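Below is one structure, written out as structure tokens, with a few remarks after it.
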Amino acid sequence: MTKYLFAIIFLCFYTLGEAQTWKAPAEANQLINPLKKDKESITKGEKIFQSLCTACHGKTGRGDVPSMQNLHPKPADLTSEQVQNQSDGALFWKISEGRGLMASYKNMLSEEERWALVNFIRTLAKPEETIEKTEEDLAQNINNNAVSSTKKELITSGQTVEAFPFTVLINAKTTHIMNPKGFGLNIQHRFGATKFDEGLITNFLGLDLAANMRFAFEIPYNERLMFEIGRTRYGKFYDAGFKYLILKQTADDKIPVSVAVYENIAVTTEKKPQYSDQATFENGTPFEYKFHHRLSYDNQLIIARKFSERLSGQITFQLVWRNLMPYSEKNRLKNTVIAVPLALRYRMGIMQAVSVEIMPNNQPKNFPVSFAYEVASSGNHVFQITITNSARLLSQNLYTVPTADYSRDGLMLGFNLIRYF
Ligand code: HEC
């Protein structure tokens, strides 16, 4: 029996191994490199290569990083003939799309940055190949010059752009849907509230205090539809949602924005609230705790735009409903929340960005504001340090608990960790 099992496992790996040659589609060869192979573009490409690519492909691009040698397929030797013989367009396409461990860089790097990488990769060729290649390229470029502008138009028309490279910015959902071949893991963590005084040191930046966390799996169905399931510590919420991308912004601005709908339902599994026999609903009927009181809903229409290579923004129209609201004479929070969250992200460098979110809504004493500094984003991974005025994470909870007042409560530090596999 075990023998057969081994045979099957071996076969699976063998067939996987067979399917490994990675070919760019023929159209990719038609893409025209808009950058000259000059010092400027090569230095730019080299800089990006040194910060994003060397961990796998090695400093010299040979793919000889020891810890990567057991991988299947292992990071390619970019100096090899096999790579150097491909067209600029094919290399550009592979860097843009990615496969397996090799991330897709199209949402993270601008087109120009990806072409600069191609130009740098060309310099990695063994000397004899470089000469051959540049001459060949030159000839190709001359041939293509006459048609290049029309071809470029053909290629950019209908090409879509992505306002945000991740499914969630700080708390706000974005219009992004991840690569349908993988899945995402999203961890949001908020430490306890602390003021920026000695409490920051005694509570170790709030890390000593009670913290909230949401852990979510994101499962794409195709390029437009994704599902997610999440668990949040505060409120012991389990939630399930989906996002559907209706429109995708195009590079030629024929469609100027991306539009998505997002729907989420959550159930709190906290113990039922303590209430006295005399407790009533607001309208006077006697209070009785039922299952549907545990449910809450979040509906969003998200409109996002990439304004430039660096700046993206979005506005959301959001309706949140919670079946049962905690009651207090002082804060008469409502079951229905209407909110119009605004978010901006500014990319500062290859791996850094800053984001801000403000979420005006109709609840009293509730105005979520968040800042984030993205420390080390790469094609399939982001790490953000966040400062927020609420530790709540799920919209159904974020809008139904008053936000912190800095002078009284302080602010929360935290982090977001997103990884696409
Ligand atoms: C996490 C590791 C990793 C990082 C980081 C990475 N790559 Fe790769 N790369 C790979 C692997 C693995 C492959 C082989 C993929 C395959 O064949 O399925 C690959 C393949 C490639 C190929 C295609 C080679 C061929 O055989 O045609 C190119 C081009 C490439 N990488 C360029 C880059 C560039 C440029 C960067 C940085 C922006 C980069 N890679 C970052 C792992 C990585």
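Descriptive notes on the structure:
- If R0 equals 51 Å, the separation of the Cβ atoms of K126 and L247 corresponds to a calculated FRET efficiency of about 0.65.
- Restricting the stretch 319-421 to GluC sites (Glu not before Pro) that sit in a DSSP loop and have at most 14 other Cβ atoms within 10 Å of their own Cβ leaves E329.
- Sorted from greatest to least, the principal axis extents spanned by the alpha carbons of the stretch 208-252 come out as 50, 21, 13 Å.
- Qualifying trypsin sites (Lys or Arg not before Pro) in the stretch 268-354, DSSP loop, other Cβ atoms within 10 Å at most 12: K271, K290, K330, R332
- Among E40, E228, E112, the residue with the largest mean-square fluctuation in a Gaussian network model of the chain, with springs joining Cα atoms closer than 10 Å, is E40.
- The ellipsoid equivalent to the alpha-carbon distribution of the stretch 164-235 has semi-axes of 32, 12, 8 angstrom, derived from the gyration tensor eigenvalues as √(5λ) and listed largest first.
- Working from the Cα coordinates of the stretch 239-359, the gyration tensor eigenvalues give, after taking √(5λ), semi-axes of 40, 15, 13 Å in decreasing order.
- Amide N of the stretch 303-342 lying under 18 Å from the label point, which is placed 7 angstrom from the Cα of K47 along Cα→Cβ: 309-311
- If you model the chain as an ellipsoid using its alpha carbon gyration tensor, with each semi-axis the square root of five times an eigenvalue, the axes come out at 47, 24, 21 Å, biggest first.
- Based on the reciprocal of the average 1/r between different C-alpha atoms, the Kirkwood radius for the stretch 184-420 equals 19.3 Å.
- Using C-alpha pairs below 8 Å separated by at least 6 residues, the relative contact order for the stretch 172-323 is 17 percent.
- Pairs over the 18 Å Cα-Cα cut-off, from the set K106/K248; K94/K173; K74/K94: K94/K173.
The numbers here are math on the coordinates, done by the rules we state, and not lab data. None of these values were measured; they are calculated from a predicted model. Glycine also receives a Cβ, built like all others from the backbone with ideal geometry; neighbour counts cover every protein chain displayed.
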